[in-house]
Amino acid sequence: MSDLSTRLAGLALRNPILSASGTFGHGLEMAQLVPARALGAWVSKTVTLTPRPGNPMPRIQETEAGFLNSIGLENRGLDAYINETLASVCDPDAVLIANIGGHTEEEFAIAAARLDDCPKVQALEVNLSCPNVDGGRLPYSTEPATAERVMAGVRAATTKPVFAKLSGNVTRIEDIALAAEAGGADGLTVINTLLGMGVDWRRGEPQLATVVGGYSGVAIKPIAMRCAWQVCQAVKIPVIGCGGIRNAEDVLEFLAVGCTAVQVGTASFSDPACLATLAQELSACLDEEGIATSAEVSGRLARNLQCEAGNL
Amino acid sequence: MVSIRPSGSDGVVLTVRPFMTFGRLDAGRFFMLRGDEESSPAIPRPFSLYRQGDSGNLEFLIKVIGPGTEALAQSRVGEEIVMIGPLGRGWPELTQDGKPLIMLAGGIGSAPFYIALQQALAGTDQRPAVDPGQLHLIYGGRNKGLLYDIEKFEELGIAVTPCTDDGSFGFHGNVVQALEDHWRQSRFPSEVRLWTCGPEPMMRAVVKVAEDRDLQCWFSLETYMGCGVGICNGCAVLTCKEGSLGSWPVAKCCVDGPVFAARDVQLT
């Protein structure tokens, strides 16, 4: 069996496969379907300082090749997360990354500070890029200076590794990535859902109550991969690829473009148990190719291209 | 897929044999289903269990309304489909000693009632069978073609009142008018329990009757669902402040429902 163990910003993970925030609850909901040991890490649904009831219905809609959502960060707030949700996590196999969101730059830092005291949380992922709040304006993931300030605030507030989750809805994602790195991010998750929408022209009604939402699923894979590639070229910190990944081939493709790990999201809606077996499939896929470790695949594309360039 | 049988003007009954065997499944619970073909939409769709056969086969009564249901209706016998379940919370347990139960179904909303009736009439080791005289089904649709499997319900040996908006079959009117008619004719006692499933305007009307007459009422809700297992928060329904689901403004249809007490959630 090939070795899938992965070092990610100081975390020792069993494998490079993580659940994407918002598609796995807080992990507890999935315990019967996906044992914690099947995953590199659980990434929680976004937690905000204060409770958020979420957006009006309908919040979801399937499209031809993907999935639209506008959940709007429904969550019971940080107190409930710490006192109730985290209190009920008792699986020693779970590596838990808490995803945090905020209405203001300060809120991110306050949430990070509060979670710094929670030993069950191994790292934080900072949701700079939720498309379903603030009217899709993406205030923290489209402007390098703002992204850097938020990450610097979080960095100063916690001793845990911090990842920044970026939006693909920008012209030059490398600029945002470099800013997050400069702010102190230990890694970057690339990418969140892309802004999208659907309409029922007969009724003249939007498919989502908020009209515009986040688009995910297989359709965004090439876009996510391009973003991951550009970010991997630009930064020195590890990159977690995310967008349309649903099988071992997809995982290896994102590793090849330079990612250290990946997140799987919408595929868990298609098959909630898919993450229970994906690591085994990944291992089998590597065995078939005679590759001993998944880490060897990481960055393969850039190395090859450099090699070719050197030969010219 | 064991068989696919047409029902009504736009419905099918899918009979499937799961690879695992289930014990008695609570009426009102549901499964997420999707076709296994690449052409099938990737997100499974939720369907209440319609009937549970002695052989372990499960039946789903489905109205074909879009690509997900179309893909299921087009599957072929012998093909595999994807099933996730059983999921959610079903109807309250039916006991003999309660008040008579009136089920009000609209169109494809009859699906979660067949298995409930079947189980009530059969009883279990712990619970005696319910007297058929205690059970009534008022089944309405715009026309006769939308009273799916009406004859199967009639074969159960309980009182069934079919009703159609266009008068093409049974009582000429909707289910609430049929219910009021039964009360006027003194065919029902004033104290009954109401269960309903159908289009939301119909269920709202049933809930209104229940409120006006202070009757216990439950309904089975349908929402879009992303996952069926409580992780996506896509199937939110608004809760009632004074209900039993707590103070959070929304509940998840997939894990807190799809059957709710009328006092617990708001129909939008």
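The values are calculated or read from the model by the stated rules, or taken from the named source; none is laboratory data. Note that the structure is predicted; figures quoted are calculated from it, not measured. Cβ placement follows ideal geometry from the backbone for every residue including glycine, while neighbour counts extend to all protein chains displayed. Please note that ligands, DNA and RNA were not included when accessible areas were found on the heavy atoms of the full protein model with its side chains. Shrake-Rupley method; radii C 1.70, N 1.55, O 1.52, S 1.80 Å.
Tabulated values for the structure
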{"quantity": "Options A:A224, A:A256, A:A248; residue that is surrounded by 16 or more Cβ atoms within 10 Å (Cβ to Cβ) and closer than 24 Å to A:L138 by Cα", "calculated": "A:A224"}
{"quantity": "Odd one out for A:L4, checked against (1) surrounded by fewer than 22 Cβ atoms within 10 Å (Cβ to Cβ); (2) at pLDDT below 95; (3) more than 18 Å from A:E125 (Cα to Cα)", "calculated": "(2)"}
{"quantity": "Conditions (1) in contact with a Pro (Cβ under 8 Å, 6 or more places away or on another chain); (2) not assigned by TED's automatic domain parsing to the domain that holds B:T196; number of the one not met by B:I158", "calculated": "(2)"}
{"quantity": "Top-ranked residue of the stretch B:240-258 - restricted to ones that are open to solvent by 10 Å² or more (accessible area, probe 1.4 Å) and in a strand (DSSP E or B), ranked as nearest to the other protein chains (Cβ to nearest Cβ)", "calculated": "B:V250"}
{"quantity": "Search result, residues across the stretch A:29-41 that are open to solvent by 10 Å² or more (accessible area, probe 1.4 Å) and either within 18 Å of the chain's Cα centre (by Cα) or more than 10 Å from chain B (Cβ to nearest Cβ) (or both)", "calculated": "A:A31, A:P35, A:R37, A:A38"}
{"quantity": "Qualifying residue in the stretch A:46-58 (condition: at pLDDT 95 or above, in a strand (DSSP E or B), away from chain B (no Cβ under 14 Å) and under 27 Å from B:P249 (Cβ atoms))", "calculated": "no"}
{"quantity": "Matching residues, the stretch A:274-303, being in contact with a strand residue (DSSP E or B) (Cβ under 8 Å, 6 or more places away or on another chain) and either open to solvent by 10 Å² or more (accessible area, probe 1.4 Å) or modelled with pLDDT under 95 (or both)", "calculated": "A:C274, A:A279, A:A292, A:T293, A:A295"}
{"quantity": "Those residues of the stretch A:63-103 which are away from chain B (no Cβ under 14 Å), β-branched (V, I, T) and over 30 Å from A:A219 (Cβ atoms), in sequence order", "calculated": "A:I82, A:V89"}
{"quantity": "Sole exception among (1) modelled with pLDDT of 95 or more; (2) assigned to a loop (DSSP other than H, G, I, E, B); (3) surrounded by fewer than 20 Cβ atoms within 10 Å (Cβ to Cβ) for A:N15, by number", "calculated": "(3)"}
{"quantity": "Condition check for B:L72: outside any loop (DSSP other than H, G, I, E, B) and crowded, with 21+ Cβ neighbours inside 10 Å", "calculated": "yes"}
{"quantity": "Complete set of residues in the stretch A:195-213 that are buried (at least 21 other Cβ atoms within 10 Å of the Cβ) and not in a loop (DSSP other than H, G, I, E, B)", "calculated": "A:G196, A:G213"}
{"quantity": "Cross-chain or 6+ apart pairs with Cβ under 6 Å, the stretch B:78-95 first and over 8 Å from B:V259 (Cβ atoms), then of a type in the set (K, R)", "calculated": "B:V82/B:R34; B:P86/B:R29"}
{"quantity": "Residue in the stretch B:31-44 that is most open to solvent (accessible area, probe 1.4 Å), counting only those that are assigned to a strand (DSSP E or B) and within 9 Å of another protein chain (Cβ to nearest Cβ)", "calculated": "B:R34"}
